[in-house]
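The structure that follows is given in the form of structure tokens.
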Amino acid sequence: MNARTAVVVEDDRDVGDAISQLLDLAGFDVVVAHTGAEALALVHEVQPDLVTLDLTLPDIDGVEVCRRIRTTSDCYVIVVSGRTDEVDRLVGLEVGADDYLVKPFSMRELQARVAALFRRPRTSDVMGVGVEQPAVADARTDPTPGPTRALGCSDLTLDRSSREVLVGGEEIDLTRTEFDLLAHLVSNPGVVVARQDLMRAVWASDFVPDSTHVVDVHLANLRRKLRRAAASNEWIRTIRGVGFRFDPCCP
């Protein structure tokens, strides 16, 4: 089995070396970039499974680097930054990062977050949105899916084996996190899923990001992409103070 590959993007060489050593011990083949341009070249060249990304780089801002990575790669991206403002976290997540870790941090915390990302469930099953599902949501497991098909009222299809989402037969480009959130909601149609349960389901661990804003931002991005494909859709509804519900049929 081939080792996973990671690109560490960090202008502080001491921090970069520490992250590299940690990932190396975790079984990754690691390459390091100290600038945004170098990072983009390496991501294109090695097609990594994971990128740790500092936002403060000497040439290209890390947010822009993340945005460009997302145009060519579906790798996991963990932002590792000294920027502590909530707006920086939200912007990082909005452009496609899977997690955001604030400096200074412990290497054990980074290790736990990386492990949580790679424990996300991946299945070869194919799921149709219209398949009848149990009435109770389980944050840890998805019900057994049925054949792929689209409902006449929603025309939304999710395929787990290819990790594709189609709206009206057109594929929607989703990040890993957006796909996993949608897949879990689709698995529990008509059931309100709490934010914390979504976090545990998608991150597949009790160790989850420290703010439910992570869920809100990724779901906002997901809904925007679905709405762009079908302006009248209201498949994902916010239940104030609780969480989110997937409604297969548009009103």
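The values are calculated or read from the model by the stated rules, or taken from the named source; none is laboratory data. Keep in mind that this is a model prediction, so the values were computed, not measured. Every residue, glycine as well, gets a Cβ built from its backbone with ideal geometry; the counts of neighbours run over all protein chains shown. Keep in mind that these areas ignore ligands, DNA and RNA; they rest on the heavy atoms of the full protein, side chains included. Shrake-Rupley method; radii C 1.70, N 1.55, O 1.52, S 1.80 Å.
When all protein chains stay in place, what accessible area (Å², nearest 10, 1.4 Å probe) is found for residue 225?
50 Å²
For segment 1-46, just say rounded, prolate or oblate: build the C-alpha gyration tensor, square-root its eigenvalues into a ≥ b ≥ c, call rounded for a/c under 1.5, and beyond that prolate if a/b exceeds b/c, oblate if not.
Working: a/c = 4.40, a/b = 1.17, b/c = 3.77.
Verdict is oblate for segment 1-46.
Amide H to amide H, which residues 5 or more places from residue 77 or on other chains are under 5 Å from it, using H placed in the peptide plane?
HN-HN under 5 Å from residue 77: 51, 98, 99.
Then there's this: For the residue pair residue 106 and residue 37, what label-to-label distance in nm results when each label sits 7 Å from Cα along the Cα-to-beta-carbon direction?
4.0 nm
With all protein chains present, calculate the accessible area of residue 213 using a 1.4 Å probe and round the result to the nearest 10 Å².
Rounded to the nearest 10, the figure is 80 Å².
Let me ask something else about it. Return the FRET efficiency for the residue pair residue 84, residue 196: r is the Cβ-Cβ distance, R0 is 25 Å, and the value is rounded to the nearest 0.05.
With R0 = 25 Å, the Cβ-Cβ based efficiency is 0.65.
Could you tell me which of rounded, prolate or oblate describes segment 30-87, using a ≥ b ≥ c as the square roots of the eigenvalues of the alpha-carbon gyration tensor, with rounded for a/c under 1.5 and, failing that, prolate when a/b is larger than b/c and oblate otherwise? Let's see the in-between values first.
Values: a/c = 1.73, a/b = 1.46, b/c = 1.18.
It is prolate, given that a/c is not under 1.5 and a/b is the larger ratio.
Expressed in nm to one decimal, what extension gain is obtained for the pair residue 14 and residue 72 from 0.36 nm per residue of sequence separation less their Cα-Cα distance? Please list the in-between numbers first.
Working: separation 58, 0.36 × 58 = 20.88 nm, distance 2.87 nm.
The span from residue 14 to residue 72 would gain 18.0 nm if fully extended.
Points 7 angstrom from Cα along the Cβ direction at residue 247 and residue 25: gap in nanometres?
Label-label distance for residue 247 and residue 25, simple model: 5.1 nm.
Taking a ≥ b ≥ c as the square roots of the Cα gyration tensor eigenvalues, with a/c under 1.5 meaning rounded and otherwise prolate when a/b beats b/c, else oblate, which class fits segment 47-120?
oblate
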